[in-house]
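Here the structure comes first, spelled out in structure tokens, and everything after it is commentary.
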Amino acid sequence: MDLLIVTSATGEILTGNRCTANQWAELLKSAGHRVRVVDAYAGQAADVLIAVHGRKGNAAVTAFRRAHPDKQVVIALTGTDVYPEPGEETLDSMRQADRLIALQPLVRGRIPQKFHDKLRIIKQSAGAPPSDGAAKSNGPFDVCVVGHLREVKDPLRAAAAARLLPAVSKIRIRHAGAILEPRYERLVEVEQAENPRYVWLDELTPAEAQNLMAHSRLTVVSSFFEGGARVIGESTVAGTPVLAARNDASLSLLGEDYPGLYGAGRTEELAALMSRAETDSAFLDALVERTGRLAPQFDPRHEREAWLELIAELEAVAEREGTR
């Protein structure tokens, strides 16, 4: 099939949506499909339009439907599409879509029931970590944060938690991510000046970010809500446990009984978990052991199989309706 993936991204920053689009493109190309990835829709023809973001992609979906009413549309729902609740543009994209994709199953309970038949769950996979991924730092107890700085990510929560640690703690927060909301320029400047435990690394390449996770002792995923939290998979596959804010994505991917969960926005809870991981080897070992058991769900073969099932559905519909 001829597939067109629209990211609705702006600027040069490599966002999670762009990473997702690129990953899906490579997967689908390897299965023999023609795939193009574009940031904006400009009238291109395709058998299927895949919009990565319901709200931001609404204009692209509408234009594609008008230009190619006999072709198919797939919407990949992001965190801000679904949480705290779908907006009008997202709902309109859902209505126009032939299929919807969610990255974790709890999304089903967050969208109108009339769209449930369209929904397919495709968990994001994670590539192989660096070959020396087990070589953790022997100096500072490195805790990484991998995520761009915007409010929904609660990006400075780990830094705030580190301020509460006892003086003897060796925890160091290393934060990789670009500043997407201007107010964080000043906040990061102040945090680095006042908090000796915090280091901002700016935006890293995907390989550099994966290397950071692989060589850290913990990864903090602090978002108030997430569509899928690809960082959870990447850190888990790298063998680095996550401490995650409770939200649908972390509960779906880690399990409600995962010992590294804390209440979103609760600085003291996160500080307590970080301190316990540093000082209680049995607790850290339990996190590592649980991480090893969770890793297989992020095998790329599962993501590939789910995509091929979806494409087969779309091909069957196209053949039945004579649109190919």
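Listed conditions (1) touching a Leu at 6+ places or on another chain (Cβ under 8 Å); (2) assigned to a loop (DSSP other than H, G, I, E, B) are all met by A264, apart from (1).
The one condition from (1) modelled with pLDDT under 95; (2) in contact with a helix residue (DSSP H, G or I) (Cβ under 9 Å, 6 or more places away or on another chain) that T10 does not meet is (2).
Here L106 fulfils each of the conditions (1) assigned to a helix (DSSP H, G or I); (2) touching a Leu at 6+ places or on another chain (Cβ under 9 Å); (3) of a type outside the set (G, A, S); (4) free of Cβ contacts under 8 Å to residues at least 60 places away in the same chain apart from (4). Look at (1) in contact with a Ser or Thr (Cβ under 8 Å, 6 or more places away or on another chain); (2) closer than 29 Å to L106 by Cβ and you find that T80 fails only one, number (1). Note on the range 137-255: no enclosed strands (runs of 3 or more DSSP E) hold 3 or more residues that are in the same structural domain as Y83 (by TED's automatic domain parsing), among the β-branched types (V, I, T) and under 13 Å from the mean Cα position of the chain (by Cα).
Looking at A306, A282, just one residue is more than 22 Å from the chain's Cα centre (by Cα), among the small types (G, A, S) and more than 19 Å from M213 (Cα to Cα), and that residue is A282. Every residue in the range 79-103 that is free of Cβ contacts under 8 Å to residues at least 60 places away in the same chain and within 20 Å of the chain's Cα centre (by Cα), please. E85, P86, T90, L100, listed by residue number.
Of the candidates A40, A76, A63, the single residue that is modelled with pLDDT under 95, at negative phi and either within 22 Å of the chain's Cα centre (by Cα) or not acidic (D, E) (or both) is A40.
Taking the criterion of being surrounded by 22 or more Cβ atoms within 10 Å (Cβ to Cβ) and of a type outside the set (A, V, I, L, M, F, W, C), the residues of the range 98-128 that qualify are Q104, Q124. For R55, the conditions (1) of a type in the set (K, R); (2) assigned to a helix (DSSP H, G or I); (3) within 22 Å of P105 (Cα to Cα) are fulfilled apart from (2).
Among the residues of the range 256-274, the ones that are buried (at least 19 other Cβ atoms within 10 Å of the Cβ) and either outside the structural domain of R150 (by TED's automatic domain parsing) or farther than 15 Å from V145 by Cβ (or both) come to 2 in all.
The values are calculated or read from the model by the stated rules, or taken from the named source; none is laboratory data. All values reported here derive from a predicted model rather than from experimental measurement. FYI the Cβ positions are ideal-geometry reconstructions off the backbone, even for glycines, and counts take in every protein chain you see.
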